[in-house]
Amino acid sequence: MKPKFIVLLGAPGAGKGTQAEGLSKTLSIPHVASGDLFREALAEGTELGLLAKSYIEKGELVPDKVTIAMVQKRVAASDCEGGAILDGFPRTIEQAEALKRVLTEEGKSVCIVLYIKVSTETLMARLGGRWICRNCGAVYHSLFDPPKEAGKCDKCGGELYQRSDDTPEVQRKRIDVYLAQTAPLIEHYRSQGLLVEIYGDKSIEEVQPDMLKAIETSC
Ligand code: AP5
């Protein structure tokens, strides 16, 4: 079967991570999230993690060179042979071109770019209420997808925390950075016939079938 490399594009809080988890299970391909890779590196105290921290805290993008090297290594791992759900990468035209180069060298390609379109008001509401499990990484929302018990993960009982870049000031900065540096990818991929717009201003359960239908048609 042809490998499925699926790119999820959308502003911070659009629901890329939430939807990627469901798609990864349904399609049996890994969820590769550049933000998670940086946060893991930071938790391990590596040089990459410490470098990324200084950018993440300010809501800025980590430089392309290090980001591309990190994702290239992840995508080359054996579990990505059949494809991957790419969440948060690419985020610049340079990253998109690097991804194309890397996949082409292996005789692979991106089969679809799902652009999750959500209003700015919704983004702010989603980021402000996000809680994440410190142990297994499950994502909740205090209003839209609350855990059964406040502060505790339903799946593993782990402690829930809020990301340090989910403060209102950093949220606004991340959205501005998205508009300036990542939004140009919408037209970039549209011109290549790869972009499918997904209306993301509806419930988590309603968004997923729209994505699966588009993937079935294109991949
Ligand atoms: P990253 O971790 O990628 O963050 P982001 O892109 O800002 O995206 P988020 O994780 O905030 O949002 P999401 O769309 O995944 O939303 P989620 O599903 O969690 O990046 C962090 C930083 O790392 C960057 O600022 C940068 O510094 C660096 N970085 C990462 N990648 C990089 C790259 N390629 N290049 C350079 N630097 C990079 O949902 C949000 C909330 O909403 C959750 O609480 C969820 O429960 C809820 N929710 C989701 N969907 C719905 C729905 N349909 N209805 C109601 N609630 C919903």
What about Asp79, is it closer than 22 Å to Leu194 by Cβ and of a type in the set (Asp, Glu)? no
Take the conditions of a type outside the set (Ser, Thr, Tyr), at pLDDT 95 or above and open to solvent by 40 Å² or more (accessible area, probe 1.4 Å) and apply them to Pro209. Does it pass? yes
Counted residues in region 85-101 being more than 11 Å from the ligand (Cβ to nearest atom) and open to solvent by less than 10 Å² (accessible area, probe 1.4 Å) come to 1
Flag if Gly107 is on the phi > 0 side of the Ramachandran plot and within 15 Å of the chain's Cα centre (by Cα): no
Test each condition in (1) more than 15 Å from the chain's Cα centre (by Cα); (2) open to solvent by less than 40 Å² (accessible area, probe 1.4 Å) for Lys155 and report the one that comes out false. (2)
Within region 103-120, count every residue that is closer than 23 Å to Ile6 by Cβ, assigned to a loop (DSSP other than H, G, I, E, B) and polar (S, T, N, Q). 1
Of all residues being under 30 Å from Lys4 (Cα atoms) and in contact with a helix residue (DSSP H, G or I) (Cβ under 8 Å, 6 or more places away or on another chain) in region 121-137, which is surrounded by the fewest Cβ atoms within 10 Å (Cβ to Cβ)? Just the residue, please. Gly137
Residue count, region 178-200, condition touching a Lys or Arg at 6+ places or on another chain (Cβ under 8 Å) and exposed (fewer than 14 other Cβ atoms within 10 Å of the Cβ), comes to 1
Looking at Leu27, Leu9, which is the one that is farther than 18 Å from Ala138 by Cα and either open to solvent by 60 Å² or more (accessible area, probe 1.4 Å) or more than 13 Å from the ligand (Cβ to nearest atom) (or both)? Leu27
Run down Gly35, Gly15 and say which single residue is on the phi > 0 side of the Ramachandran plot and within 13 Å of the ligand (Cβ to nearest atom). Gly15
Among the numbered conditions (1) surrounded by fewer than 19 Cβ atoms within 10 Å (Cβ to Cβ); (2) more than 9 Å from the ligand (Cβ to nearest atom), tell me where Val75 comes up short. (1)
Number of the exception - Leu143 against (1) within 26 Å of Leu37 (Cβ to Cβ); (2) more than 17 Å from the chain's Cα centre (by Cα): (1)
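The values are calculated or read from the model by the stated rules, or taken from the named source; none is laboratory data. For clarity, every value in this text was computed on a predicted model and none was experimentally measured. When we count neighbours, we look across all protein chains shown, and the Cβ atoms used for this are built from the backbone with ideal geometry, even at glycine. Calculation scope for accessible area: heavy atoms of the full protein, side chains included, ligands and nucleic acids excluded. Shrake-Rupley method; radii C 1.70, N 1.55, O 1.52, S 1.80 Å.
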